[in-house]
Amino acid sequence: MTSVESRPARRVRPPRAGTPNGQWKVDGSEPLNPTEVLKRADDGLNVRERIETIYAKNGFDSIESTDLHGRFRWWGLYTQRRQGIDGGKTATLEPEELEDRYFMMRIRTDGGVLTTEQVRTIGELSRDYARNTADISDRQNVQLHWVEIESVPEIWRRLEEVGMRTTEACGDVPRTMLGSPVAGIAADEIIDPTDALRLLSERYIGDPRYSNLPRKYKTAITGHPSLDVAHEINDVSFVGVLHPELGPGFDLWVGGALAATPRFAERLGAFVSEERVPEVWEGVTGIFRDYGYRRLRNKARLKFLLADWGPERFRQVLETEYLGYALPDGPAPGRATGPGDHVGVHKQKDGRYYIGAATTVGRTSGTELIALADAVERHGSQRLRFTAFQKVLVLDIAEELVPSMVAELDALGLSSKPSPFRRSTMACTGLEYCKLAIVDTKDTARDAIAELERRLADVELPEAISLHVNGCPNSCARIQAADIGLKGQIVTDEHGVQHPGFQVHLGGGLASHTRAEAALGRTVRGLKVIASDLPDYVERLVRRYLADRTEGQTFAEWANAADEEALR
C-alpha cells in the first residue's frame, strides 16, 4: 500500500479574489442564499416531529412555508402540481400558484432491494392513501401521489413496520443509492456490493453530519460487468473491477450529473477495497459538504467542483485531508458485457432463476403491486428488485416455475419479452404531477410505445433504440444519454400555434454493450417535435436509420454521423 507521504503533496490553491462561492472550508459557513439560511436555521431532519405533532393534526393550512417548500423534502415530500394548469404557464406562475394541497411521497429503496411484504405494503399504502398511484423511478424507488398531510404519520408507521423509510429521499442530502439489482445472485458478478451498500445506508442516512450538503447527492455501486447503475451520471460511484494484485474491488468515479448542464463523472484512478467503501464514500461526501459551492443553487452540484479542480486534485484532497492514506491505483472497468436492465430470464449462481420484466415507463398501481407480491409468493419467492431503468426483477424462481411466473408477470403488464420500444423507453413524472414540467410524459410515452409497436411490427431492430421522455430541461429521464432524448418545451408550429412538444437530442448514451463509453447526444438546430407527432417522427427516423446504416452501425453511431436533413 502506498503511503500519503510517498506521494508529493500539492498545496490547494486559495480561492480567486472576488465573490465567494460559499465553500465552508474556504469562505466560512455564513449562508449566501435563502436555502442556505433555511438549512442553517433548522436541519431538515427535524421537521418530522412538526409533521407528526402539528401539521398532520391541524391540516395543510397549518404548515409553515419554509417547512413546506424546503424541509419537507428531507422526508421525501414535495407538493404536487395543481391539476388543470397547462405547461405553458409553468414558467410564468410562482411555485405556490402551481402547487396543490397534496404531496408526492418518495419511498427510499436503496439498491431497489425489496421483499414481497414490502411491495405489498407499498401497494396497500397506494390504495389506501394515494389514489392507487405508484411510479417506479429510474432511481430504483417508488413515488406515490395524492398523499394528504394528515396521512403521513400513518404511512411512515406502516413503512417502518416492514423496514422501509422516506428519510432523505429528497433534499440536499444523500438521495436513494443505486445498486446493482443482481447483487449477490448473478453468476458473472465481479464482486457483491450488498454489504457495502447496506453499510452506507445504515451508517449515513439520517446522519446530521451529511444532512446539509450544497445540493442533492447521488450514489451508485455495482459489482456486475453489465455496468447497471448509470455510474457516469452519479456524484459518487463504485464500479466493480478485478485488480491484478489486490483482487476484486471497486473503481472510484466522481462528479457526474445531467440536468441543464450535463457532465459525466470522471475516474479518480483509485482502487477501493470492499471494506474501505464506507470511509471513501464519507470522504468524497465530506469534500462535497466542505468545498462544494453553496452561493448559487445552479452551480452547487459536485460536478462543478470537479470541473474546476480536476480528478487529480480531487483525489489528492480526498487522500490527504479526509482519508489520511493513499488509495492504490487501479484498473478501469471493462466494456459492459450485456444490457444493464436485466430484462429476460437469467440463471442465478445458485441454480434458480431471476426474471427481469419491463413496466411501461415505470407506471404501475397499488393494486398491481399487491398482485405482484402475491404472484411472487405463489411461486416460492419473497424477493424482488427495481432497476435503474424502471424495470422489475423477480428473484429465486425454480426452473420448473419460470413459465408460470412469466405468464403471471405478463398478465400484470410486466413483460419479460417486451418489444424494443417498451423495453427501452423511460419517462419522468411529467406535467401530471410535477411543478417543473411543461409537457405530459407518461401518457405521451405510453401512447407512442403502443403506436410504434403497431407501425414498426414489420421491422427487426439490431438493438433496442432508447427513447427517453422528459417534461422539462432537468433530465430526470436522462435525455442527453439516450438514442432519442426528448426535452419538454412549448413548440410553435408553422401557423404560429403553440403546442406541447420536445427538443430532440440524438445519439447519446451511457457505457453499454453497444458503446465503449458514455457520450452526450447531439442536437440539431431547430429540430423540435410536437408531442402528438412523436410516433410519426420516431417511425420516420427509425426507418431512415435502417435504410442508411452500414453493417454493424448502431443507431447512436448513425445519428452522430448523419446529415442533419436525415434526422428531421
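The values are calculated or read from the model by the stated rules, or taken from the named source; none is laboratory data. Treat the numbers as computed from the prediction; the structure is a model and nothing was measured. Because the Cβ atoms are built from the backbone with ideal geometry, glycine has one as well, and the counts that use them run over all protein chains shown. SASA here: full protein model, heavy atoms, side chains in, ligands and nucleic acids out. Shrake-Rupley method; radii C 1.70, N 1.55, O 1.52, S 1.80 Å.
Net length available on complete extension from LEU242 to THR261 is 3.6 nm, with 0.36 nm assigned per residue and the Cα-Cα distance removed. Relative to one another, the C-alpha centroids of the stretch 478-547 and the stretch 202-248 are positioned 30 Å apart. Largest accessible area first, the residues TRP281, TRP75, TRP24 order themselves as TRP24, TRP75, TRP281 under a 1.4 Å probe with ligands, DNA and RNA left out.
DSSP bridge analysis restricted to the stretch 151-279 gives an antiparallel fraction near 65%, rounded to the nearest 5. With both bridge residues required to lie in the stretch 80-222, what share of the DSSP beta bridges run antiparallel, to the nearest 5%? Around 75 percent antiparallel, to the nearest 5. Centre-to-centre, using Cα atoms only, the stretch 56-118 and the stretch 289-331 are separated by 32 Å.
Rolling a 1.4 Å probe over the protein heavy atoms leaves ASP563 with an accessible area of roughly 120 Å².
Among the listed pairs LYS39/LYS303; LYS57/LYS216; LYS435/LYS528; LYS218/LYS528; LYS216/LYS442; LYS487/LYS528, those with a Cα-Cα distance over 20 Å are LYS39/LYS303; LYS57/LYS216; LYS435/LYS528; LYS218/LYS528; LYS216/LYS442. A simple spin-label model places the labels of GLU517 and ARG40 4.1 nm from each other, with each point 7 Å out along Cα-to-Cβ.
Under 12 Å of direct C-alpha separation, and excluding same-chain neighbours fewer than eight residues apart, LYS299 reaches these aspartates and glutamates: ASP308.
Checking every one of the trypsin sites (Lys or Arg not before Pro) in the stretch 122-216 against DSSP loop status and a limit of 15 other Cβ atoms within 10 Å picks out ARG131. Of the whole protein surface, LEU452 contributes about 0 Å² of accessible area at a 1.4 Å probe radius. What shape does the stretch 342-382 take by its C-alpha gyration tensor, where a ≥ b ≥ c are the square roots of the eigenvalues and a/c under 1.5 counts as rounded, a/b above b/c as prolate, and the rest as oblate? Since a/c reaches 1.5 but b/c is at least a/b, the shape of the stretch 342-382 is classed as oblate.
Accessible area per residue was computed with a 1.4 Å probe on protein heavy atoms; GLU232 scores about 10 Å².
Here is the list for the stretch 295-397: trypsin sites (Lys or Arg not before Pro) lying in DSSP coil, each with at most 15 other C-beta atoms within 10 angstrom of its C-beta, are ARG335, LYS349. Once you reduce the stretch 355-420 and the stretch 131-187 to the center of their Cα atoms, the two points are 18 Å from each other. Shape of the stretch 187-268 from its Cα gyration tensor (a ≥ b ≥ c, root eigenvalues): rounded if a/c is under 1.5, otherwise prolate when a/b > b/c, or oblate? Oblate. Of all beta bridges that DSSP places with both ends in the chain, some 80 percent have antiparallel geometry. Under the shape rule built on the C-alpha gyration tensor, where the axes satisfy a ≥ b ≥ c, the chain is rounded, since a/c falls short of 1.5.
Within the stretch 32-109, which GluC sites (Glu not before Pro) sit in a loop by DSSP and count at most 14 neighbouring Cβ atoms inside 10 Å?
Of the GluC sites (Glu not before Pro), the ones in loops of the stretch 32-109 whose Cβ has at most 14 other Cβ atoms within 10 Å are GLU64.
With pairing defined as another cysteine C-beta under 4.7 Å, the cysteines of the chain that fail it are CYS170, CYS434, CYS472. Largest first, the residues LYS39, LYS218, LYS25 sort by 1.4 Å accessible area into LYS25, LYS218, LYS39.
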